[in-house]
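Each value in this text was obtained by applying a stated rule to the coordinates, not by laboratory testing. These numbers were taken from a predicted model, which means no experiment stands behind them. Heads up, the Cβs are rebuilt from the backbone with ideal geometry, glycines too, and the neighbour counts pull from every protein chain shown.
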Ligand SMILES: Nc1ncnc2c1ncn2[C@@H]1O[C@H](COP(=O)(O)OP(=O)(O)OP(=O)(O)O)[C@@H](O)[C@H]1O
């Protein structure tokens with residue numbers, strides 16, 4: 001086993017009653033890599049995400065994050081270890097402002113001590129100040145600084161999606177997992193997303209795993225791609241390898 005991998009998933013399976021939704025999936029993500037998981041609708045991609053990020057307890061398999069086994073741990077514990085995610089559907093606090101969403105994410109993540117908050121100790125004030133700086137930094141990165149005080153629910157859809165990424169990033173993750181980040185975005189917004197993800201790898205030096213149906217985006221930004229079909233691994237490789245793989249072409253053209 002490579003000791004350098006950030007995330008290593010082996011023989012992952014997830015059964016729902018009689019349905020084996022994920023069957024023997026393996027993934028390896030290295031530091032500072034953008035990796036995509038692709039496959040037809042219902043292939044099991046989101047289920048793989050849910051297992052890795054602690055939303056489902058996998059039926060079988062090993063998930064090592066920085067060498068620690070995390071399979072079966074609850075999501076909040078996995079998030080505190082530095083693996084955070086977005087969902088297919090926007091999940092923001094819509095009645096809170098953009099900046100409040102980013103501040104509360106840091107409180108949840110740091111599990112700020114209630115007493116130090118009540119007494120506003122110097123260390124509490126310092127962490128509040130840092131949280132605010134961090135929130136502003138990420139609002140700027142996702143081009144939402146001018147919307148800091150706008151209710152999240154009143155932002156345009158593309159802005160809400162960017163705010164979700166910022167909400168993940170304020171917690172300082174090593175691995176960001178994005179479930180269909182380009183869904184519903186227009187071409188301009190998708191181009192911005194492309195730039196944002198590449199910037200996360202180059203400037204923040206984190207790894208990003210995405211489930212995505214937009215093949216142009218996938219082929220543009222991925223260092224490596226895993227293809228799943230009917231819950232099983234179908235192929236993996238560089239964008240060039242995957243694009244030319246006969247089984248991938250078959251699966252996407254719907255041939256049996
Ligand atoms: N909680 C659940 N209970 C029962 N079956 C489920 C559950 N979640 C997913 N499934 C089933 O598992 C299979 C894989 O679904 P999943 O959502 O992981 O696929 P996907 O590749 O993410 O699809 P899409 O690209 O359409 O989002 C599907 O047949 C789905 O109906």
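Sorted ascending by nearby beta carbons within 10 Å, beginning with the fewest, 165, 225 become 165, 225. Helix 157-169 and the longest principal axis of the C-alpha atoms of the chain enclose an angle of approximately 80°. Across the chain, the relative contact order, built from alpha-carbon pairs under 8 Å that are at least six residues apart, equals 27 percent. Residue exposure proxy: 245, 107, ordered by other Cβ atoms within 10 angstrom of their Cβ from fewest to most, comes out as 107, 245. Model label sites at residue 202 and residue 87, defined 7 Å from Cα along the beta-carbon direction, differ in position by 3.3 nm. Taken over the range 1-85, the alpha-carbon convex hull comes to 92 cubic angstrom per residue.
On a 0 to 90° scale, report how tilted helix 98-110 is relative to the longest principal axis of the chain, with both axes built from alpha carbons and the result rounded to the nearest 10. Orientation of helix 98-110: about 80 degrees from the principal axis. To test your reading of the geometry: what angle, between 0 and 90 degrees and rounded to tens, separates the Cα axis of helix 187-202 from the longest principal axis of the chain? Approximately 80 degrees, to the nearest 10.
For the chain, the share of DSSP beta bridges that are antiparallel, to the nearest 5, is 55%.
Could you list 5, 123 so that the one with the fewest beta carbons within 10 Å of its beta carbon is first and the one with the most is last?
Numbers: 5 19, 123 10.
Ordered from fewest to most neighbouring Cβ atoms within 10 Å, 5, 123 come out as 123, 5.
Here the chain was treated as a single set of alpha-carbon atoms; its pair distances binned every 10 Å from 0 give 7, 29, 35, 21, 7, 1, 0 percent.
Quick one: divide the alpha-carbon radius of gyration of the range 176-256 by 2.2 N^0.38 Å and tell me what you get. With N residues counted in the range 176-256, Rg over 2.2 N^0.38 Å equals 1.15.
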